[in-house]
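What follows is a set of notes on a single structure, which appears directly below.
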Amino acid sequence: MKMNKSQPQFLERAIYFREELSGDYFILWIWDEALGKKCQPGQFFQIRAHYSIADAEETRSLPKLFKPISIYDNAEGRIGFFIKKVGAGTNALYKLKAGDLLELIGPLGNGFPLVTGRKILLVSGGIGYPPLWYLQKKLIKHNLLYWVHGGSGQSDVFPCDEVWTEDGSFGKKGMVTEGISKLIAEKKIDLVYSCGPVPMLKECAIITTELNIEHYCSIEAYMACGIGVCYGCAIPVGQENDWNYLRVCKEGPVFNAGEVLWNKF
Amino acid sequence: MKMNKSQPQFLERAIYFREELSGDYFILWIWDEALGKKCQPGQFFQIRAHYSIADAEETRSLPKLFKPISIYDNAEGRIGFFIKKVGAGTNALYKLKAGDLLELIGPLGNGFPLVTGRKILLVSGGIGYPPLWYLQKKLIKHNLLYWVHGGSGQSDVFPCDEVWTEDGSFGKKGMVTEGISKLIAEKKIDLVYSCGPVPMLKECAIITTELNIEHYCSIEAYMACGIGVCYGCAIPVGQENDWNYLRVCKEGPVFNAGEVLWNKF
Amino acid sequence: MEQILNPLQTSLGRLKVNSPVTVASGTFALENLDFIEQDHLGAYVCKTITRYPKKGNPPPRLYETEAGLLNSIGLQNPGLDKFIAEDLPVLRETLTVPLIVSFSGSSLKEFVQMLECLEKQEGISGYEVNVSCPNVENEGIAFGIDPDVVNKLCALLSPLTERELIVKLSPNVTDIAVIAKAAEEGGATAISLINTIWGMAIDYRNGKSRIKKGIGGYSGIGIKPLALALTYRAAQAVKIPVIAMGGIYNWQDALEFFWAGASMIALGTANFIDPLAVDKVYEGLSSFCLEKQLKLKDIVGKVNK
Amino acid sequence: MEQILNPLQTSLGRLKVNSPVTVASGTFALENLDFIEQDHLGAYVCKTITRYPKKGNPPPRLYETEAGLLNSIGLQNPGLDKFIAEDLPVLRETLTVPLIVSFSGSSLKEFVQMLECLEKQEGISGYEVNVSCPNVENEGIAFGIDPDVVNKLCALLSPLTERELIVKLSPNVTDIAVIAKAAEEGGATAISLINTIWGMAIDYRNGKSRIKKGIGGYSGIGIKPLALALTYRAAQAVKIPVIAMGGIYNWQDALEFFWAGASMIALGTANFIDPLAVDKVYEGLSSFCLEKQLKLKDIVGKVNK
Ligand SMILES: Cc1cc2nc3c(=O)[nH]c(=O)nc-3n(C[C@H](O)[C@H](O)[C@H](O)COP(=O)(O)OP(=O)(O)OC[C@H]3O[C@@H](n4cnc5c(N)ncnc54)[C@H](O)[C@@H]3O)c2cc1C
Ligand SMILES: Cc1cc2nc3c(=O)[nH]c(=O)nc-3n(C[C@H](O)[C@H](O)[C@H](O)COP(=O)(O)OP(=O)(O)OC[C@H]3O[C@@H](n4cnc5c(N)ncnc54)[C@H](O)[C@@H]3O)c2cc1C
Ligand SMILES: Cc1cc2nc3c(=O)[nH]c(=O)nc-3n(C[C@H](O)[C@H](O)[C@H](O)COP(=O)(O)O)c2cc1C
Ligand SMILES: Cc1cc2nc3c(=O)[nH]c(=O)nc-3n(C[C@H](O)[C@H](O)[C@H](O)COP(=O)(O)O)c2cc1C
Ligand code: FES
Ligand code: FES
């Protein structure tokens, strides 16, 4: 296993391609080979639609925070961000067209530990999908993989091995975590990677802890700086009687699921 | 002389035509015959680019105040707003295209007193031009008119009888107020209407007071409500020892220049 | 599904009102009724009046900042006598909803005198005692910052009236809970907050203050987080109803204040931003309650962390 | 035209600095130096440290409002000993500009102990005494609201050091001028303001507080008018330099504060909004001064009404 870290950069890059997906999902692609070489699965960028003070004076908008977005794909310098429009920040990104400028800070965070020769279960929920895509591309050659993904309806479903929807509109009906114990047994899984909303990760962590299976999860948190400065993104990690708030943007976003104090959230 | 007042309305109207002029000037036209019938020269509207709360949630802009804009022209229901882009509010108006929605409150204010059989001097400075255009159209049949207009340079100059620019790039060089005394004498002026920045109006008022000539000026003030509610637009009017703050949006924007306490600004 | 008849009905002390939406003193007058449905207002609050006429502050009095409005009106008003003689009859004539008269004095005695005078007038449902205007010196705000003075003022006024006695508090204090409590203990039947906070803006090019007096009162969306925090604090401290205001522009904003503990909310700067604000907030709250099948009253103070 | 060599040079008490731009405690760390020119900083202010390690507040700790940011970090920090052992050496190594150490205690005694400890360390040019954090109870802010306590604290600390002694004031008080004066009289060599103001936000759909603790600290552009008013007030009240902050996002904002009386300004939330903010503000101020042929010092406090 190795962890990769590199100095984050602040960059402005033109969007060279924009893909519209189902529902409120879309992908923004930038092209930067040098940057691509620094990126690891599980890392993310703080991104934002280009903002200039001139905009502020001329129009009536105020500058807002960057938004943390995972690296979805990274091949030959083409870096993709797979985004769901949920609020003002992601909506501003949604409106961008090819050629428009994106502001980026990154790559950020620790990324997933990479392994070989393992039997791996990937579990994603909703917008937890993108980082696992990049991860499975790196893992697939030297490991056995099985990927389950859950969403609320059919527009939240993307390519993988097994799909769950809450409303049953596609794949199996229910929460993606429902089938995990059985899958782990059936497929002799010895490592789990997960990404999604905290309740899902917690559910997953309870199962893997019980079965004593190694499990890395990528956690979401509201962020301001993204670079470890503000301590705004902290989550409780450690043992019940010896723990601390660690920064999702710096010590994370990937944590050993067994070390996260899910009850202190 | 008569003063006209009518209940202001809140309306949304599509822009049916947009004219781009020199410099930062442009004209927005709307079409509403019933509304046009209620308007008088010197009155104004509070106007704003259409804003919806959905915009606020979806984008990153905050709603802002309406901006007071004079009625520039009003003929057969075609109402024109002649606007200079100077800041965020007017810039938002500048960006509108034909078909876009305008929010309007009006007509507002008292308007100019209308007369017959007089020898009239019209004095405008900069963005004081538009209300005098509408005024002269109403006065021209039954009065003798002479219109002097001043601006900082040639892009601030519009059709009238005599032009002054501060930089001398067009017409006479200097402040428009410089030639007024002479004109009043030469043309036997017995009534002055003025509109422009306060220093210009003040200068003008000093001259007309000295010559004892009737003078109505339309005054600019920063506004919030535009309908007489907030008392934000007040200016000092009356005699040195018996005066009050009157509202530009309600008791004005047209005042008897001799009654404005120019030294209390 | 059972239908809730008027999910927005609420009460302000003894006063039953059909809407929890009211307006902030100084930002709404009869002119505004041209734009909205009067029935959407729970009460009508007039601009603060003082014992004697007030000219107010020199212009410029207004400046819009990135996220709100600075004002320096300085309580320009015709004074109590003219208000009673000229304005009150028109208000009585026009209003179908309860009238709350906002007033401010320069001494305890003057407050008492004004209340006594107003008590003789019909058509008034309550008072908003303004002890919090940041735009006048030695008046208003001087009272609002000292809990003992606020307590004494309320103790003097409350025995003199059966009408609602609302005290409007200043946010420019170290601990609003203490002042709110002082008002309650003195006999106020409700508190309202917040008045504007201190604010200033300067033309960066030449150093000219955007408003003549330098410091003015800051209102609008930029003060909403503070208003919400103070509403929560005050509501935790007292049992009497809280009328909340400060940066409420839409029904979603309004809901935040109900959750935080407000029984009613008032729209101030929003009236300038959108002449239809009262209607839109009323309708938004209505739809929310109908959709969720709840009475607005039931969520008051139910914020969870 | 005569060229002014460095129109931005200024001084903070005895300390000469090459830039009037600094950063607000808790919003900037060495990581930020990857993005900006260190020379553009007049000083580097570190995140507030306490005597003992602090875990800070439970998440969520952040929420962005319409016009600013709510935070509820709760002074998470490794404590004084670890700061001295681990952080200080790196800071000394990396910094080419003066280091100001921000610290906060839970008693007068603890403040004194901490200062004594820090006095033994090299590479520190000054202290920012944080008596104004709204996110911790019985610590910090309890001190900042009482002029007598602030005065006593400064009187205890100032004889113990030759370094700059900056006191960071809370805006959540009735009269900041009194507190600023108390600090000056106690021997503070500068004051800085404002820390965050109270703020809250609630999810209107379900009543959930956006940050876990309910009330947090509000910063950013929405607080600028208040920060400017308080800067003006404080600067009028004291002779020592004022370091101003609160919603400064760009060089135009910064100029407003110099006109109002600030000798230096600090960028806080702006660092999150724009990683290049320090550079842009520095360069904007530079161009402004060169174009107008003036020294920034000459406009300090020169606001006209
Ligand atoms: C390390 C990391 C990687 C991420 N990767 C991706 C990605 O690849 N693609 C993607 O689409 N999104 C990703 N996210 C989530 C994304 O950052 C948020 O959706 C975004 O910040 C929302 O901002 P907004 O301004 O659009 O919405 P907001 O207005 O901030 O919020 C809209 C709604 O979403 C909720 N919300 C906001 N932020 C979060 C959050 N961080 N977690 C949970 N709920 C939230 C709010 O409560 C609100 O109801 C990632 C988050 C993190 C921390
Ligand atoms: C009754 C009345 C009628 C008017 N008629 C017209 C008209 O027909 N056409 C037209 O273009 N403009 C007219 N104006 C002026 C117009 O309202 C302002 O230019 C506009 O409000 C500026 O808003 P903004 O947001 O674009 O700029 P802001 O950002 O508000 O200001 C930009 C710059 O202009 C200055 N400024 C702002 N408002 C005013 C003002 N009212 N007076 C002087 N300086 C100001 C500011 O100090 C700043 O430097 C009228 C004003 C009044 C009161
Ligand atoms: C132009 C203006 C005038 C005001 N006049 C008064 C007043 O006369 N009496 C008063 O108690 N409050 C007055 N206020 C304060 C408002 O009633 C309200 O408390 C404050 O603006 C905060 O609410 P908002 O953010 O919704 O505007 C005034 C506010 C503004 C903007
Ligand atoms: C995330 C965050 C953390 C902060 N931490 C501290 C701190 O540790 N010590 C302190 O004195 N102020 C702290 N502050 C307050 C800032 O230093 C500053 O006073 C305040 O944010 C106002 O400035 P701004 O509007 O430019 O951000 C913090 C502010 C934020 C937003
Ligand atoms: S977002 Fe600032 S420390 Fe993580
Ligand atoms: S703008 Fe409100 S009274 Fe004139």
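The values are calculated or read from the model by the stated rules, or taken from the named source; none is laboratory data. Computed from a prediction, not measured in an experiment: that's the story for all the values here. For neighbour counting, all protein chains shown are included, and Cβ atoms are generated from backbone atoms with ideal geometry for every residue, glycine included. We work out accessible area using only protein heavy atoms, side chains counted, and drop any ligands, DNA or RNA first. Shrake-Rupley method; radii C 1.70, N 1.55, O 1.52, S 1.80 Å.
Here are a few things to note about the model shown:
- Looking across the range B:229-265, just one residue is assigned to a strand (DSSP E or B), facing another protein chain (nearest Cβ under 7 Å) and of a type in the set (Val, Ile, Thr), and that is B:Ile235.
- Options D:Glu66, D:Glu37: the member that is closer than 30 Å to D:Asn6 by Cβ, in contact (Cβ under 8 Å) with a residue 60 or more places away in the chain and among the acidic types (Asp, Glu): D:Glu37
- Of the residues making up the range D:44-71, those that are hydrophobic (A, V, I, L, M, F, W, C) and either away from every other protein chain (no Cβ under 11 Å) or under 21 Å from D:Phe111 (Cβ atoms) (or both) are D:Val45, D:Cys46, D:Ile49.
- Pair list, Cβ under 6 Å, 6 or more apart: the range D:190-204 residue in contact (Cβ under 8 Å) with a residue 24 or more places away in the chain, other residue within 16 Å of ligand 1 (Cβ to nearest atom) and not small (Gly, Ala, Ser): D:Gly199/C:Pro225; D:Gly199/D:Leu70; D:Met200/C:Pro225; D:Ala201/C:Pro225; D:Ala201/D:Tyr63; D:Ala201/D:Thr65; D:Ala201/D:Leu70; D:Ala201/D:Arg210
- Selection status of D:Asp203, open to solvent by 50 Å² or more (accessible area, probe 1.4 Å) and either more than 14 Å from every other protein chain (Cβ to nearest Cβ) or at negative phi (or both): no
- A count restricted to the range A:141-187 and to residues that are more than 15 Å from A:Gly23 (Cβ to Cβ) and open to solvent by less than 30 Å² (accessible area, probe 1.4 Å) stands at 12.
- A Cβ distance below 6 Å, combined with a sequence gap of six or more or placement on separate chains, defines the contacts here; from the range A:211-229, residues that are over 13 Å from A:Gly258 (Cα atoms) reach no residue that is within 16 Å of ligand 6 (Cβ to nearest atom) and assigned to a loop (DSSP other than H, G, I, E, B).
- Counted as qualifying within the range A:57-153 are the strands (runs of 3 or more DSSP E) with 3 or more residues that are without any contact (Cβ under 8 Å) to a residue 40 or more places away in the chain and more than 18 Å from A:Cys249 (Cα to Cα), namely A:144-151.
- Single residue of the range B:230-265 satisfying the filter (among the aliphatic types (A, V, I, L, M) and either in contact with a Ser or Thr (Cβ under 7 Å, 6 or more places away or on another chain) or within 16 Å of ligand 1 (Cβ to nearest atom) (or both)) that is farthest from B:Gly126 (Cα to Cα): B:Ala257
- Residue check, C:Phe35 within 16 Å of ligand 6 (Cβ to nearest atom) and away from chain D (no Cβ under 14 Å): yes
- Residues in the range D:186-207 that are touching an Asp or Glu at 6+ places or on another chain (Cβ under 7 Å), closer than 24 Å to D:Val149 by Cβ and hydroxyl-bearing (Ser, Thr, Tyr): 2 in all.
- Filter pass, D:Pro159 being open to solvent by 10 Å² or more (accessible area, probe 1.4 Å), more than 7 Å from chain C (Cβ to nearest Cβ) and in contact (Cβ under 8 Å) with a residue 40 or more places away in the chain: no
- The range D:18-39 - residue that is of a type outside the set (Gly, Ala, Ser) and in contact with a strand residue (DSSP E or B) (Cβ under 6 Å, 6 or more places away or on another chain) and, of those, surrounded by the fewest Cβ atoms within 10 Å (Cβ to Cβ): D:Phe35
- Taking first residues from the range D:5-31 that are within 14 Å of chain A (Cβ to nearest Cβ) and partners that are modelled with pLDDT under 95 and not in a loop (DSSP other than H, G, I, E, B), the Cβ contacts under 7 Å between residues at least 6 apart in sequence or on separate chains come to D:Ser25/D:Asn130.
- Flag if A:Leu96 is within 14 Å of chain B (Cβ to nearest Cβ) and either on the phi < 0 side of the Ramachandran plot or β-branched (Val, Ile, Thr) (or both): yes
- Evaluation of D:Ala237 against (1) open to solvent by less than 10 Å² (accessible area, probe 1.4 Å); (2) among the small types (Gly, Ala, Ser); (3) more than 16 Å from ligand 5 (Cβ to nearest atom) (one fails), failing number: (1)
- On inspection, D:Thr196 qualifies as more than 7 Å from every other protein chain (Cβ to nearest Cβ), crowded, with 22+ Cβ neighbours inside 10 Å and in contact with a Pro (Cβ under 7 Å, 6 or more places away or on another chain).
- Within the range C:178-186, not a single residue is within 10 Å of chain D (Cβ to nearest Cβ) and either open to solvent by 10 Å² or more (accessible area, probe 1.4 Å) or within 16 Å of ligand 1 (Cβ to nearest atom) (or both).
- Residue among B:Lys5, B:Lys67 that is modelled with pLDDT of 95 or more, open to solvent by 30 Å² or more (accessible area, probe 1.4 Å) and over 16 Å from B:Leu132 (Cα atoms): B:Lys67
- B:Ile189 being part of a loop (DSSP other than H, G, I, E, B) and more than 16 Å from ligand 3 (Cβ to nearest atom): yes
- Residue match in the range A:147-166 (condition: within 14 Å of another protein chain (Cβ to nearest Cβ), among the hydroxyl-bearing types (Ser, Thr, Tyr) and within 16 Å of ligand 1 (Cβ to nearest atom)): no
- Test: B:Pro41 is at pLDDT 95 or above, open to solvent by less than 20 Å² (accessible area, probe 1.4 Å), of a type outside the set (Gly, Ala, Ser) and not in a strand (DSSP E or B): yes
- Single match in C:Val90, C:Val101 (criterion: assigned to a helix (DSSP H, G or I), of a type in the set (A, V, I, L, M, F, W, C) and either away from chain D (no Cβ under 14 Å) or under 21 Å from the mean Cα position of the chain (by Cα) (or both)): C:Val90
- Any hit, the range B:216-226, residues being more than 16 Å from the chain's Cα centre (by Cα) and crowded, with 20+ Cβ neighbours inside 10 Å: yes
- Any chance D:Trp251 is at the interface with chain C (Cβ under 9 Å from one of its Cβ atoms) and under 19 Å from D:Phe35 (Cα atoms): yes
- Some residue of the range D:212-234 being over 17 Å from the mean Cα position of the chain (by Cα), under 27 Å from D:Arg61 (Cβ atoms) and aromatic (Phe, Trp, Tyr): no
- Residues that are within 27 Å of D:Thr196 (Cβ to Cβ) and surrounded by fewer than 19 Cβ atoms within 10 Å (Cβ to Cβ) were ranked within the range C:162-177; the one that is farthest from the other protein chains (Cβ to nearest Cβ) is C:Ala177.
- Leading residue by the ranking (nearest to ligand 2 (Cβ to nearest atom)) among those in the range D:26-64 that are in contact with a Gly (Cβ under 7 Å, 6 or more places away or on another chain) and of a type in the set (S, T, N, Q): D:Thr27
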